[in-house]
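J.: Can you keep this structure in mind? I'll have questions shortly.
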Amino acid sequence: MTYEIIPGNAFCYLRDGSHINDVPIDYEDFVNKYDHDRGSAEPYGCGDMRADVIPSTPEVLKKYGITEEEYQLVAFEIAEALHFGRCGWCV
């Protein structure tokens, strides 16, 4: 398996060029990303952005040509890249 995870400039997305086995990464195949504390966020910001690993599916494993173990590794790294807490960069 070859892969590269490139966080976006504002942390809340993966940049073009992020891939697994030359397939562009759709982070929603690996994590559920959402603001855990929207009530304390500034307008157009995040109070506590987190990314939680979701279970793999046979379709996702096939799409990227990876095993369950590889899925877990990549999903953890994607979650770490998209899990950043409080942010106001979109203001």
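What follows draws every value from the coordinates through simple rules; no lab data is involved. Because the structure is predicted, anything quoted here is derived from the model rather than measured. Neighbour counts run over all protein chains shown; Cβ positions are idealised from the backbone, glycine included.
J.: Apply the Karplus parameterisation 6.51 cos²θ - 1.76 cosθ + 1.60, with θ equal to phi minus 60°, to every residue of segment 66-83 and state each ³J(HN,Hα) to the nearest whole Hz, in sequence, with x for glycine and proline.
T.: Once θ is set to phi - 60°, the couplings for segment 66-83 become 10, 8, 4, 5, 5, 4, 4, 4, 5, 4, 4, 5, 5, 4, 5, 5, 9, 9 Hz.
J.: By how many nm would the segment from residue 83 to residue 6 lengthen if fully extended, with 0.36 nm per residue of separation less the alpha-carbon distance? Intermediate values should be presented prior to the final figure.
T.: Working: separation 77, 0.36 × 77 = 27.72 nm, distance 1.33 nm.
Full extension of this stretch gives 26.4 nm more.
J.: Okay, next question. Tell me the label-point distance for the pair residue 67, residue 54, using the 7 Å Cα-to-Cβ offset, in nm and rounded to one decimal.
T.: Once both label points are built, they end up 2.5 nm from each other.
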